[in-house]
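**Q** Could you have a look at this structure, given as C-alpha cells, before my questions?
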Amino acid sequence: MKELLEQFFVLALLLNKGDFTNQQHETKWIGNNPATVESVILAESRLGVKLPKSYIEFLKASDGLMDIGTSTSLEFLPVAKIGYLKDLDSELVEIWSENNKKYGKILAESILIGGLDQEQQLLLIPPSKSNKEWKYWLFASWIPGEMEFKSLEDYFREEIEYLKKETVNLEKPQPKPVIDFSLRDAVYALDWQNAYEISEKFIRGNKDYPYLGGHNNLYSIMLLCSYKLQKQNDFLIFIDEIKKNKPKQVIDVLEKYKTATINKSAFIHNIRYEFTPQKKPITLIEIESQIKSKRKDLLNAKRISEKISYQLYFLFEYGNLEDFIGIYENADRKALFPTDHLRAAIIYKYIKDLGKAKSAIKIYSEGFFGEVNAFEPYLDARLLEIIESK
C-alpha cells in the first residue's frame, strides 16, 4: 500500500491542484502520520467490527489523507473520525431505504471513511451472509449508484490511472496559480490591447491564473485580441518565438493557433453546448421518474441544487425550452452549477432575450470567479456576440 501511495503522491504533486506545501513537494509525501495501533483498536471497539486488512494497511501508512484537488478526489478521514453512514449522513440512508429496503440496509451498515460533506463518498461495506468479503463502494454525484472496488489498493490504482492521463508529458509540477486580476479586468472591459499584452507577459513568465484553463486559454485570448486589433502578424511572430525548445505536445497546440491566425479566425475554443428544440421534449415527470430509479441521492433535501442542475441538464439536452426557463428563473442562481448559466445564456439567445442572456453570462463569469474557466463565454463566438451587443 505504501508504494501505491508514493506513486499516487508523485503524480498528485506533479498535477499540483491541491494546496500542497513546499515541504510536501520536497519529500514527495502528502500523507499524514501513520495511525497508532491504539487508535485503530479504539475505532474497531467503537464500531463493533474488525476493520479490513486493505484499509488497515492504508492507516499504517497514513491516518487519513488530504483532498488532492481533482474533480474525482476526496478527503480520507482519520480513523478516529470514521463512522457509520447512518450516523454521519442519515438522510442519504433514509432516501435509499424508502425505495429499496435491501439497498438501504446495506448503506445503513456501511462505514464512511472518506468524503464527508463532499460530492463523493467512500464507504466500507461489511461482510454479509451473501458476501464474506469487505467491499469498497464509491458514491459520487455523477455515478448512478455505486462503483465497487475489491480493495483500497484497487481504488488507488484507479486514481493513479486518472492522474497518469492528466500528467502526460509533464516533467515538473505545473506552475502554482498567480493571484492577479489584471487580465480578468481587461477581458471583462473588452480592452483587447491590454488583454493581449497581459496574456503575452504571463506566457513568457510561465505564470498561470486560478480562473484559467492553463496557458491554452492565454493563447486563445491572444488569438481573439489579435483578430480584434488586426495584429495577426504580431501573434504569428510570437508563436514562432515561443515554440522554440517546447515539447511536441505544446508545439502541436501552437500550430493550431498559427493556422487559425493565418485563416483570420478569432476563435479556436467553443463551448460544447448546443440547444435543439424537440418535437417530443422530455418532461419533468419523466426526469423525476429517472431520479427516483437511478439518482435517489438527489432526493436528499440537502442536494436540492444538484437536483435542479440535473433537471436543467436533461431539459437542455432534450429540448424542453419552457420547463428549462421556468426552473432556472425560480431557482437560487448562486446555488446552481456554473454550466447551468452557460446553458441558460444559449437558451435566452435562442429566444432573442439578450438582456437575460447577458445576465446569465455575468453570473457565470463573476459569480464563480476562481472556481471555473471564467473566460469561457468570451472565447465562444456565440456568447461573445451577446456580451458585445448593446
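**Q** In segment 116-158, which trypsin sites (Lys or Arg not before Pro) fall in coil by DSSP and have 16 or fewer other Cβ atoms within 10 Å? Present the calculation step by step, with values, prior to reporting the outcome.
**A** On the way: sites: Lys129, Lys132, Lys135, Lys150, Arg157; in loops: Lys129, Lys132, Lys150.
Those satisfying the criteria are Lys129, Lys132, Lys150.
**Q** Right, something else. How large is the helix-only mean residue ellipticity at 222 nm for the chain, computed as the sum of -39500 (n - 2.57) over DSSP H runs with n ≥ 4, divided by its residue count, in deg cm²/dmol to the nearest 500?
**A** Dividing the helical sum by the residues of the chain leaves -16000 deg cm²/dmol.
**Q** In whole angstrom, note down how far apart the Cα centers of segment 324-354 and segment 5-47 are.
**A** 41 Å
**Q** Quick one: putting +1 on the C-beta of Lys and Arg, -1 on the C-beta of Asp and Glu, what dipole do you get for segment 1-68 around its Cα centre, in Debye to the nearest 20?
**A** Numbers: 7 positive and 9 negative charges, 38 e Å.
Here the size comes out at about 180 debye.
**Q** Pairs of Cα atoms under 8 Å, at least six residues apart: use those to get the relative contact order of segment 284-388, whole percent. Mind dumping the intermediate values first?
**A** Numbers: 85 pairs, mean separation 19.2, N = 105.
Relative contact order, segment 284-388: 18 percent.
**Q** With springs only between Cα atoms under 10 Å apart, run a GNM on the chain and tell me which of Pro247, Pro52, Pro175 wobbles the most.
**A** Pro247
**Q** Could you size up the charge dipole of segment 2-166 around its Cα centre, putting +1 on the beta carbon of Lys and Arg and -1 on that of Asp and Glu, and report it in debye to the nearest 20? Walk me through the intermediate numbers first.
**A** Values: 19 positive and 27 negative charges, 125 e Å.
Roughly 600 debye for segment 2-166.
**Q** What whole-number distance in Å separates the alpha-carbon centres of segment 260-301 and segment 61-123?
**A** First find each Cα centre; the distance between them is then 29 Å.
**Q** Given charges of +1 on the Cβ of Lys and Arg and -1 on the Cβ of Asp and Glu, with all other atoms neutral, how large is the dipole of the chain about its Cα centre, in debye to the nearest 20? Write out the running numbers ahead of the final one.
**A** Details: 54 positive and 57 negative charges, 143 e Å.
With Lys and Arg at +1 and Asp and Glu at -1, about 680 debye.
**Q** Please tell me the relative contact order of segment 2-166 in percent, rounded to the nearest whole number, where contacts are Cα pairs under 8 Å and at least six residues apart.
**A** Values: 245 pairs, mean separation 31.7, N = 165.
About 19 percent, as a whole number.
**Q** Here's something else I'd like to know. For a quick protection proxy, order the peptides 339-345, 67-73 by their average other-Cβ count within 10 Å, most packed first.
**A** Working: 339-345: 24.4, 67-73: 16.1.
Ranking the peptides 339-345, 67-73 by packing returns 339-345, 67-73.
**Q** Hey, if you put +1 on the Cβ of every Lys and Arg and -1 on every Asp and Glu Cβ in the chain, which of Ser365, Phe267, Thr36 ends up farthest toward the positive end of that dipole?
**A** Farthest along the dipole direction, towards plus: Phe267.
**Q** Near Pro126, within a Cβ-to-Cβ distance under 11 Å, what is the net charge of the other residues, with Lys and Arg +1 and Asp and Glu -1? All intermediate terms of the calculation are to be shown ahead of the outcome.
**A** Working: positive: Lys50, Lys132, Lys135; negative: Glu109, Glu133.
Value of the local net charge: +1.
**Q** In addition: Positive end of the charge dipole of segment 238-384 (Lys, Arg +1 and Asp, Glu -1 on Cβ, about the Cα centre): tell me which of Leu379, Ala331, Ile308 has its Cα farthest that way.
**A** Leu379
**Q** Can you return the lysines within cross-link range of Lys349? Criterion is Cα-Cα under 27 Å, with same-chain partners fewer than 8 residues away left out.
**A** Correct list for Lys349: Lys228, Lys264, Lys279, Lys280, Lys307, Lys334, Lys358, Lys362, Lys390.
Only the coordinates and a few stated rules stand behind these numbers; no lab work does. Predicted model, so just to flag it, every value in this text is computed and none were measured. As a convention, Cβ positions derive from the backbone with ideal geometry for all residues, glycine included, and neighbour counts pool all protein chains shown.
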